[in-house]
Every structure is written in C-alpha cells, then in structure tokens.
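Down below is the structure, laid out as structure tokens.
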Amino acid sequence: MDCTPGVTLNFFIVNQLPLFPPVEYAKKCPWDKRTTLENWIGQRVLKLTCTANDMKPFAAVAGFDPPVHRWDAEERAELLAELNAAFFVLYGIGREDVEYILGTFAGLRSEESELPGVRSTTARILEAYDRLLV
C-alpha cells in the first residue's frame, strides 16, 4: 500500500482543470475542416511519442502507421509549437495575450538570447498560432 502523502488526484481537483469535454474532440477541427480535432491532435501526439520500438504496442492500438516515427528535432519543435498554438486558439486566447503568456516563462526568455539566428520556441508558437487563425 502506498502511503505517500499528496499524490492523489481528487475528483474536485479534476473538475477544476481547464479541460475540454471528450465530445469536443469529435468535432471538426476549426482550422482544418477535413479532420476532427481528435485526429489533428492525435497525429501530432503520436509522432512525438512513438519514437522507439517499445512504443509499437501503443502505436498499434492507436492505428499509427508506421508504428515508430523517426526522431527529428526540427520536426518535433514544429509539432510542439503547433500543439501549443492550437490550445491557445481553442481556449480563445488572443495573440497579444499569447505573447504575454509566453513571455512569462523564464526558460523561453533565456532561449531568446542564447540562440541567435535560430527560431525560438516563442516565435514558432506565434507563427503556428497565426497559421491556425487563417
């Protein structure tokens, strides 16, 4: 029996999390009417998670083909930016607020100064945000 204090997730806490109900994911994707939100998000999540042979069973259950996706740092950065931007759009957060929110993360601010000539995470998310709103 695990008696570690503070590791329970009570129902009243789950009710306070900013989650969409499952039926929302079955609706058409607002920026790509050819697919559902579930499929749009799911494909990106599977590409990010199914990067090793030990994930083949998960990929098979999810119908992901090929079951192992090649690790590509640039592609991963784009996929993560798209997912972040998508949830900003889904929650109805305006671009100025997105910029402000991203500016509150110290790790993103330090990344800006350390990597001259490389697109920052903030820039990627904002670019993806702008694409999704078109």
* Förster radius 35 Å - calculated FRET efficiency between Arg95 and Gln16, Cβ distance, rounded to 0.05 -> 0.85
* To do: Specify whether the C-alpha gyration tensor of segment 16-134 places it in the rounded, prolate or oblate class, a ≥ b ≥ c being the square roots of the eigenvalues: rounded for a/c under 1.5, otherwise prolate if a/b is larger than b/c and oblate if not.
  => oblate
* Asked: Direction-averaged shadow area of the convex hull around the Cα atoms of segment 26-70, nm²?
  -> 3.2 nm²
* To do: Hand me the trypsin sites (Lys or Arg not before Pro) from segment 1-94 located in a DSSP loop with no more than 14 other Cβ atoms within 10 Å, in residue order please.
  => Lys27, Arg70
* Karplus couplings for segment 16-24 from phi (6.51 cos²θ - 1.76 cosθ + 1.60, θ = phi - 60°), rounded to Hz, Gly and Pro as x? -> 8, 6, x, 10, 7, x, x, 5, 5
* Amide H contacts of Thr36 (H built 1.01 Å from N, under 5 Å, at least 5 apart or other chain) -> Cys29
* Structure fact -> Along segment 89-101, Karplus-curve 3J(HN,Hα) (6.51, -1.76, 1.60; θ = phi - 60°) to the nearest Hz, with x for Gly and Pro, reads 5, 4, 7, x, 8, x, 4, 4, 5, 4, 4, 4, 4
* Return P(r) of segment 72-134 (all Cα-Cα pairs; 10 Å bins starting at 0; whole %; ordered from short to long distances). => 22, 55, 22, 1
* Structure fact -> Checked segment 1-77 against the a/c 1.5 cut and the a/b vs b/c comparison, axes a ≥ b ≥ c from its Cα gyration tensor; verdict oblate
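Every read-out reported here was derived from the displayed coordinates using simple, explicitly stated rules and does not represent laboratory data. Keep in mind it's a predicted model, so treat the numbers as computed, not measured. Please note: Cβ atoms are built from the backbone with ideal geometry, for glycine as well, and neighbour counts cover all protein chains shown.
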